[in-house]
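Below is one structure, written out as structure tokens; the observations come after it.
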Amino acid sequence: MIYSFNNDYSEGTHPQILKAMMETNFEQNDGYSLDIHTIRAKELIRQEIKRQDTDIHILVGGTQTNLLGISCALRPHQAVICAETGHINVHETGAIEATGHKVLSQETEDGKLTTAHIQKALTLHTDEHMVQPKMVYISNSTEVGTQYSLKELEDISRFCRQQGLYLFLDGARLGSALTSSCNDLTLADIARLTDLFYIGGTKNGALFGEALIISHPDLKPDFRYLIKQRGAMLAKGWLLGIQFEELFQNHLFYDMAAHANEMADRLRKGIAACGYSFHWDSKTNQLFPVLPNTVMDELKKDFLFSAQLATDEGHTCIRLVTSWATKPEAVDAFLKALQKLS
């Protein structure tokens with residue numbers, strides 16, 4: 001059987017979440033996220049971010065959350081700035097553009113935007129003959145596994161507020177970023193420094209679900225109307241609420257992300273010991289080693305992973321992703337196979 005390191009949502013959900021859903025299966029709940037579990041989940045999140053003045057909406061998936069968070073904040077002539085590797089730019093089938101908003105992508109070395117990147121986009125869009133940049137979109141961790149430091153996020157936040165730009169943080173893999181060995185951010189920091197962000201559940205052990213937190217007062221009104229209009233309001237919303245209730249009442253959100261990072265670190269050290277380098281320096285659960293094509297082809301016989309880019313004629317950068325459910329035995333099997341081929 002081929003073992004998958006292809007993504008962090010191959011498995012179902014943590015048994016604790018499944019148990020909670022089973023135990024509440026015959027409850028009768030109010031629909032459309034007005035149930036007691038969603039209310040409790042929102043309160044737990046507000047305690048974690050240390051902000052009671054936020055609106056929280058738990059949605060089904062990341063693309064849906066990005067689309068709502070971005071398109072509902074922008075006026076028809078406005079655009080969003082992101083890194084060239086940003087999820088909204090390369091992995092969402094033009095969802096943002098389909099709502100009438102241009103994505104202004106910026107080339108970066110490590111998947112992270114800086115104030116210089118943002119300024120470049122502002123400088124290029126000067127008047128009413130062009131779209132108007134109004135939002136900055138970043139991801140933590142990024143699509144290439146890198147992450148923002150507290151200082152970096154503070155710098156971007158300050159710049160955005162000076163320029164009148166909304167700051168939106170995609171947190172699909174926020175758990176991995178917050179539990180990595182080099183992290184100095186907290187959820188409270190992110191809530192303080194952004195206008196809206198979300199906490200990803202789908203890629204961190206939930207069956208599905210992302211919790212969108214809105215702090216900017218101009219973005220709060222009528223958001224439930226917008227959710228419903230776009231077909232994103234789940235009738236059985238308690239299925240989302242129960243999951244985030246479990247994620248945040250017993251440290252489960254952090255524990256699962258920490259396990260994914262621990263397995264990635266085990267892979268990272270083993271790959272480095274075999275003499276291979278990494279295309280991007282990631283301390284989260286996505287790794288990007290550069291392997292000879294002959295080695296990569298052999299590994300594909302027993303392991304599933306994606307080839308990211310050819311670094312030269314004979315080598316390819318691959319992506320390996322660990323999850324809350326990755327077993328040490330699977331990591332060791334990959335490393336054993338790699339050692340034999342090296």
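The values are calculated or read from the model by the stated rules, or taken from the named source; none is laboratory data. None of these values were measured; they are calculated from a predicted model. Cβ sites come from the backbone with ideal geometry, for glycine too, and all protein chains shown count toward neighbours.
Assorted remarks:
- Candidates in the range 186-202 are the residues that are of a type outside the set (D, E, K, R) and more than 16 Å from the chain's Cα centre (by Cα); of these, the one that is surrounded by the most Cβ atoms within 10 Å (Cβ to Cβ) is 193.
- Inspection of the range 177-189 identifies at least one residue that is part of a loop (DSSP other than H, G, I, E, B), outside the structural domain of residue 259 (by TED's automatic domain parsing) and of a type in the set (Gly, Ala, Ser).
- Test for residue 205: is it within 29 Å of residue 337 (Cα to Cα), of a type outside the set (Phe, Trp, Tyr) and within 15 Å of the chain's Cα centre (by Cα): yes
- Residue count, the range 101-119 (criterion: among the aliphatic types (A, V, I, L, M) and in a loop (DSSP other than H, G, I, E, B)): 1
- Filter result for residue 134 (buried (at least 17 other Cβ atoms within 10 Å of the Cβ), in contact (Cβ under 8 Å) with a residue 24 or more places away in the chain and over 21 Å from the mean Cα position of the chain (by Cα)): yes
- Of the helices (runs of 4 or more DSSP H) that lie entirely inside the range 1-83, those containing 3 or more residues that are charged (D, E, K, R) and assigned by TED's automatic domain parsing to the domain that holds residue 210 span 36-49.
- From the options 168, 208, residue that is under 30 Å from residue 235 (Cβ atoms) and either crowded, with 18+ Cβ neighbours inside 10 Å or of a type in the set (S, T, N, Q) (or both): 168
- Counted residues, the range 23-72 - those being of a type in the set (Val, Ile, Thr) and within 27 Å of residue 143 (Cβ to Cβ): 9
- Residue pairs meeting the criteria (Cβ under 8 Å; at least 6 apart or on separate chains; first closer than 16 Å to residue 178 by Cα, in the range 147-166; second among the basic types (Lys, Arg) and exposed (fewer than 15 other Cβ atoms within 10 Å of the Cβ)): none
- Only residues that are farther than 21 Å from residue 315 by Cα and surrounded by 16 or more Cβ atoms within 10 Å (Cβ to Cβ) were counted in the range 250-297, giving 18.
- Applying a threshold of 9 Å to beta carbon distances and a minimum spacing of six or more residues, or different chains, the list of pairs starting in the range 114-131 at a residue that is on the phi < 0 side of the Ramachandran plot and ending at one that is among the basic types (Lys, Arg) reads 115/158; 131/102.
- Any hit, the range 84-99, residues being closer than 16 Å to residue 200 by Cα, of a type in the set (Val, Ile, Thr), in contact with a strand residue (DSSP E or B) (Cβ under 7 Å, 6 or more places away or on another chain) and surrounded by 19 or more Cβ atoms within 10 Å (Cβ to Cβ): yes
- Any hit, the range 173-185, residues being more than 17 Å from the chain's Cα centre (by Cα) and surrounded by 20 or more Cβ atoms within 10 Å (Cβ to Cβ): no
- Members of the range 134-158 found to be among the β-branched types (Val, Ile, Thr) and either part of a helix (DSSP H, G or I) or at pLDDT below 95 (or both), listed by number: 156
- Residue check, residue 233 aliphatic (A, V, I, L, M), part of a loop (DSSP other than H, G, I, E, B), under 26 Å from residue 61 (Cβ atoms) and in contact with a Phe, Trp or Tyr (Cβ under 8 Å, 6 or more places away or on another chain): yes
- Failed item in (1) under 24 Å from residue 233 (Cβ atoms); (2) surrounded by fewer than 13 Cβ atoms within 10 Å (Cβ to Cβ); (3) not aromatic (Phe, Trp, Tyr), with residue 15 passing the rest: (1)
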